[in-house]
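The values are calculated or read from the model by the stated rules, or taken from the named source; none is laboratory data. Here the structure is a predicted model, which is why all the values come from computation and not from measurement. Ideal geometry is used to build each Cβ from the backbone, glycine not excepted, and the neighbour counts take in all protein chains shown.
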Amino acid sequence: MFAILLICGAGFGWADDMAVNVAVNSGVNSGAIDAQRAQQLEHLVRQDCGSCHGMTLKGGLGPDIRAATLQGSDPEAVKQIILDGVPGTPMPPWRALISETEARWIADYLIRGGAQ
Ligand code: HEC
């Protein structure tokens, strides 16, 4: 029971953080990712993805998503997971908060090890 409460609490935390730090500043459908937006997306990966995947992305509630683990993954498939989540698991969809271009940027960023 305690663990469940803890997870829910973390869930609300990332949702708030997202709304403030990312969605508001986004220009959600803009094509190009400028340096400032790249910085925001890096922050998103560390703070929000990290809340489940671990601060170093080596796994927590969600699995390890470091480059060594994702190596060989199709970036388009990773992009779809980020956009749509994994139904029936805690992995949430991010479609409402980031554009397809941004999800692809994050996928490439994870696969090339930019977050490490
Ligand atoms: C609320 C917790 C949570 C958050 C926040 C979260 N994830 Fe996940 N994620 C999961 C879980 C749990 C899974 C495993 C789903 C399954 O069982 O297939 C997962 C799976 C994934 C996978 C597939 C990994 C694989 O090897 O199959 C990727 C990629 C991923 N997440 C990326 C992200 C990114 C990028 C973010 C931030 C934009 C993020 N996740 C935020 C919980 C989370």
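For this structure, a couple of remarks:
- Residues that are within 11 Å of the chain's Cα centre (by Cα), touching a residue at least 40 places away in the same chain (Cβ under 8 Å) and within 17 Å of residue 79 (Cβ to Cβ) within the stretch 50-68 comprise 57, 65, listed in sequence order.
The rows are residues; the columns are (1) assigned to a helix (DSSP H, G or I); (2) surrounded by 17 or more Cβ atoms within 10 Å (Cβ to Cβ).
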site: 39; (1), (2): yes, no
site: 43; (1), (2): yes, no
site: 52; (1), (2): yes, yes
site: 62; (1), (2): no, yes
site: 73; (1), (2): no, no
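- Residue 72 meets each of the listed conditions (1) within 18 Å of residue 113 (Cβ to Cβ); (2) within 9 Å of the ligand (Cβ to nearest atom) apart from (2).
- Test for residue 48: is it in a loop (DSSP other than H, G, I, E, B), within 10 Å of the ligand (Cβ to nearest atom) and of a type in the set (Asp, Glu): no
The rows are residues; the columns are (1) at pLDDT 95 or above; (2) within 18 Å of residue 31 (Cα to Cα); (3) of a type in the set (Val, Ile, Thr); (4) more than 9 Å from the ligand (Cβ to nearest atom).
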residue	(1), (2), (3), (4)
76	yes, yes, no, yes
86	yes, no, yes, no
93	yes, no, no, yes
108	yes, yes, no, yes
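- Contact map, the stretch 79-93: residues that are touching a residue at least 12 places away in the same chain (Cβ under 8 Å) paired with residues that are more than 9 Å from the ligand (Cβ to nearest atom) and outside any loop (DSSP other than H, G, I, E, B), Cβ distance under 8 Å, separation 6+ or inter-chain. Pairs shown: 79/100; 79/104; 83/100.
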